[in-house]
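The values are calculated or read from the model by the stated rules, or taken from the named source; none is laboratory data. Because the structure is predicted, anything quoted here is derived from the model rather than measured. Positions of Cβ are generated from backbone atoms using ideal geometry, with glycine treated the same way; all protein chains shown enter the neighbour counts.
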Amino acid sequence: MKIAFVYDVIYPYVKGGVEMRVWELGKKLSSRGHDVHLFGMKFWEGNDIILRDGIWLHGVCPAQRLYTKGRRSLWQPLWFSVYLIRPLLREKFDIIDCQQFPYFSCISAEFVSRIKKIPLTITWIEVWGDYWYEYLGLKGIFGKFVERCVARCSCPTVAISFSTAHRFLKTYHKPIHAVIPIGIDIRKISAISPSPDQSDIIFVGRLIQEKNPDLLVNAVALVLPEYPELRVLLIGEGPEERKIQNCIRQKSLEGVVRLHGFYDNHDDLIAALKSSKIFVLPSTREGFGISALEALACGLPVVTIDHPANAIRDLINGSNGYLCSLSPEDLAGTICVALQHHKEMKKSCILSVQGFDWENITPGTESFYQSVIGGYKNRLWEKNR
C-alpha cells in the first residue's frame with residue numbers, strides 16, 4: 001500500500017504522543033513493505049521532501065509556532081491546511097490517514113480524497129465537545145463547530161483509545177470504526193539500562209495547563225516532610241514552563257524539583273524512567289498517554305487524575321497505579337502510597353502493557369487500512385454500475 005499520514009507536526013522535530021504514534025507506526029508499516037509518506041510542516045533544512053527512517057517526509061509549508069499566549073495558535077492550523085492541498089494532490093495514494101487534530105487539515109484531506117478518489121480515514125485523538133467553552137470562552141463555539149464538521153465526515157474513523165471512542169459516540173452519536181492504540185517497542189525498552197541520575201518521581205509531558213504540572217509541584221511540597229530526601233524530575237517543554245519555574249522558586253523546591261527539556265534521544269528518556277520509582281502525570285486531558293505506557297513498561301506505577309477526559313485511566317487496573325482527584329492533598333497522599341509500594345508493583349506494571357507492543361498493533365492497522373480500501377472500491381463500483 002502507498003499510505004499518506006497527515007499531521008501538522010512531525011517527530012522527532014517536535015516531541016509528543018501523537019507525533020510519536022504516527023512516526024513509529026509509519027516505520028513499522030514501512031518495514032513491512034509499504035510506501036509510507038508523512039505530510040506536515042517543514043522543520044528541516046534543504047529539500048521539501050526527504051527520506052528518513054523509511055518514511056518520506058513532505059514539508060508542505062515552513063514550520064509555524066504552535067502556541068500563542070499559552071494556547072494553540074488559530075492561524076497555524078489554517079496555514080497548514082491551505083498549504084497541504086497542493087502537495088497532497090500531486091501524488092496518488094491507496095489511503096490517507098489524517099489525524100483529527102487540528103481539524104482544518106481534515107477538511108483539506110477530505111477535499112483531496114473526493115477529487116482524487118482516494119479512501120480517507122480520520123484518526124481521533126481527543127473529543128473536546130463542550131470543553132471548547134472552557135478553553136476559549138465564548139469563542140469556543142467556533143472550535144466546537146469545526147470539530148462537529150469534522151465528526152460529520154462520512155469516512156471511516158479510528159480512535160487511539162476506548163475513552164476517545166466512547167466520548168465520540170456520546171458526543172456525536174456515531175460509532176468509531178476501529179480502536180488502534182499507541183504502541184511501544186517492549187523488547188527495545190527492556191534492553192535499555194537505567195540512567196545513573198536517579199529520581200523518586202518523574203513527570204513526562206508537554207508543559208501545558210491541561211497536564212497540571214503546577215499541581216504536581218504543589219503536591220511535592222506537601223510530600224516533602226514525609227520524604228525529606230525526595231528527588232523529582234519534570235521532563236517537558238511548553239507554554240507553562242515559566243509558571244512552573246516560578247512555582248518551584250516560590251515553594252523553595254530548587255534542590256528537590258529539576259526541570260529538564262525533552263531529550264533528543266528517546267533512549268535517554270527511557271533510561272530516565274527506569275532510574276525513577278513512580279510516574280506522576282496529573283493530567284485531565286489525554287487522548288491516550290504514551291509516556292504513561294512507557295513508564296509502565298519500565299516497571300513504574302502510574303499516578304494520574306480520575307477525570308473522564310483522561311484516557312490514561314484505561315491503562316490503570318488496580319495493580320499498576322493509582323487514580324486521585326485534582327486536590328493537591330489527595331495527589332500528595334496518593335504519591336506517598338505509590339512510593340511505599342512501587343517495588344512490589346513493578347512486575348504487574350510491566351505485564352499490564354504486553355498487549356501494546358507494536359508487533360501486535362501493526363498487523364491490525366494494516367488489516368484495517370486494507371478493509372477501508374476494499375470497502376471504498378466496492379462503493380465506487382456500486383455507484384458506477
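Annotation: residue 169 fulfils all but one of (1) in a helix (DSSP H, G or I); (2) buried (at least 22 other Cβ atoms within 10 Å of the Cβ); (3) at pLDDT 95 or above; the unmet one is (2). Selection within segment 271-293: residues that are in a helix (DSSP H, G or I) and buried (at least 24 other Cβ atoms within 10 Å of the Cβ). The member of this set that is nearest to the chain's Cα centre (by Cα) is 290.
If you check residue 192 against the conditions, is it crowded, with 18+ Cβ neighbours inside 10 Å and either within 23 Å of residue 295 (Cβ to Cβ) or not assigned by TED's automatic domain parsing to the domain that holds residue 369 (or both)? Considered against the rule, which asks whether it is crowded, with 18+ Cβ neighbours inside 10 Å and either within 23 Å of residue 295 (Cβ to Cβ) or not assigned by TED's automatic domain parsing to the domain that holds residue 369 (or both), residue 192 comes out as no.
Looking across 306, 330, one residue alone is at pLDDT 95 or above and under 20 Å from the mean Cα position of the chain (by Cα). It is 306.
Here the condition is being outside the structural domain of residue 12 (by TED's automatic domain parsing) and either touching a residue at least 60 places away in the same chain (Cβ under 8 Å) or among the charged types (D, E, K, R) (or both); of 230, 269, it holds for 269 alone. Applying the condition of being assigned to a helix (DSSP H, G or I) and of a type in the set (A, V, I, L, M) to segment 340-358 and asking which residue is nearest to the chain's Cα centre (by Cα) yields 350. Against the numbered list (1) touching a residue at least 60 places away in the same chain (Cβ under 8 Å); (2) closer than 15 Å to residue 289 by Cα; (3) in a loop (DSSP other than H, G, I, E, B), residue 307 comes up short only at (1). For the criterion of being surrounded by 21 or more Cβ atoms within 10 Å (Cβ to Cβ), more than 22 Å from residue 72 (Cα to Cα), in the same structural domain as residue 25 (by TED's automatic domain parsing) and under 23 Å from the mean Cα position of the chain (by Cα), residue 178 fails.
Kindly indicate whether any position in segment 180-199 is free of Cβ contacts under 8 Å to residues at least 40 places away in the same chain and not in a helix (DSSP H, G or I). No, every residue in segment 180-199 fails to be free of Cβ contacts under 8 Å to residues at least 40 places away in the same chain and not in a helix (DSSP H, G or I). For segment 105-128, taking the residues that are aromatic (Phe, Trp, Tyr) and within 21 Å of residue 168 (Cα to Cα), the one that is surrounded by the fewest Cβ atoms within 10 Å (Cβ to Cβ) is identified as 128. Could you grab me the full set of residues in segment 87-111 that are part of a helix (DSSP H, G or I), in contact (Cβ under 8 Å) with a residue 24 or more places away in the chain and under 18 Å from residue 2 (Cα atoms)? Residues satisfying the conditions are 87, 88, 89, 109, 110. Checking 323, 300 one by one, the residue that is in a loop (DSSP other than H, G, I, E, B), assigned by TED's automatic domain parsing to the domain that holds residue 192 and either touching a Leu at 6+ places or on another chain (Cβ under 9 Å) or closer than 11 Å to residue 280 by Cα (or both) is 300 and no other.
If you check 179, 204 for being β-branched (Val, Ile, Thr) and under 19 Å from residue 305 (Cα atoms), only one passes: 204. Residues that are at pLDDT 95 or above and either surrounded by fewer than 18 Cβ atoms within 10 Å (Cβ to Cβ) or within 18 Å of residue 198 (Cα to Cα) (or both): does segment 309-317 have at least one? Checked against the condition, which is being at pLDDT 95 or above and either surrounded by fewer than 18 Cβ atoms within 10 Å (Cβ to Cβ) or within 18 Å of residue 198 (Cα to Cα) (or both), segment 309-317 yields no hits at all. Do we have any residue at all in segment 66-79 that's in contact with a strand residue (DSSP E or B) (Cβ under 6 Å, 6 or more places away or on another chain) and touching a residue at least 24 places away in the same chain (Cβ under 8 Å)? Scanning segment 66-79, I find no residue that is in contact with a strand residue (DSSP E or B) (Cβ under 6 Å, 6 or more places away or on another chain) and touching a residue at least 24 places away in the same chain (Cβ under 8 Å), so the answer is no.
Residues checked against (1) closer than 21 Å to residue 23 by Cα; (2) buried (at least 18 other Cβ atoms within 10 Å of the Cβ):
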{"residue": "233", "(1), (2)": "no, yes"}
{"residue": "249", "(1), (2)": "no, no"}
{"residue": "255", "(1), (2)": "no, no"}
{"residue": "262", "(1), (2)": "yes, yes"}
{"residue": "269", "(1), (2)": "yes, yes"}
{"residue": "295", "(1), (2)": "yes, yes"}
{"residue": "299", "(1), (2)": "no, yes"}
